[in-house]
Amino acid sequence: MLSAVLLVSGCAVKRLENGVYHSSKGYRVTIPGPEWIPFDESPADLELRHRGSPAGMAIHAVCEGAAPRRGTDVLGRQLLIGLRDRAVIERGSIEIAGRRASRAVLDGRLEGSTTRVRMETLVMTDGRCVYDFLYVAPPATFEATHADFTRFVDSFRTE
């Protein structure tokens, strides 16, 4: 489900040590718990799927080209490609590791599917890279594992 809504490029070697993912792009995040399983077939730097529910989260960084110089609002809209019949629930900004990030929560339907999902997107740039965070779950169970996504995002650090 999560891979269907990601618009990402590039490939990174996945390195997990003691529950911490270290990206070759110079950042790290902590897997929020043992119920979150890395999905190796993802185009994202790291995609996690929940063992007991249809929820997923991902992080991806793009560190080349013009993307790091573009506005986070524009970059955030790119994450929504493939999400149809969108309804914005919330839109604003938050702080991640001391930097401003654009935030959006939307309901929609995955392209080619009748399945409804709720999605939270966070987009942050530090001038060197653009970092995309994504959390997807059915609307009825979105809150059940959302705190795990918050911990995942809060663990983000550049190395």
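The values are calculated or read from the model by the stated rules, or taken from the named source; none is laboratory data. Not measured: the values here are computed from a predicted model. A quick note on method: Cβ atoms are made from the backbone with ideal geometry, for glycine too, and the neighbour counts reach across all protein chains shown. Accessible surface areas use protein heavy atoms only, side chains included; no ligands, DNA or RNA. Shrake-Rupley method; radii C 1.70, N 1.55, O 1.52, S 1.80 Å.
A compact table of results
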read-out: Candidate set: segment 30-50, residues that are assigned to a loop (DSSP other than H, G, I, E, B) and touching a Gly at 6+ places or on another chain (Cβ under 7 Å); chosen: the one surrounded by the fewest Cβ atoms within 10 Å (Cβ to Cβ); value: E35
read-out: Residue within segment 115-123 that is under 20 Å from E64 (Cα atoms) and in contact with a strand residue (DSSP E or B) (Cβ under 9 Å, 6 or more places away or on another chain) present; value: yes
read-out: Single residue of segment 106-153 satisfying the filter (within 22 Å of P34 (Cβ to Cβ), open to solvent by 70 Å² or more (accessible area, probe 1.4 Å) and touching a residue at least 40 places away in the same chain (Cβ under 8 Å)) that is nearest to the chain's Cα centre (by Cα); value: R151
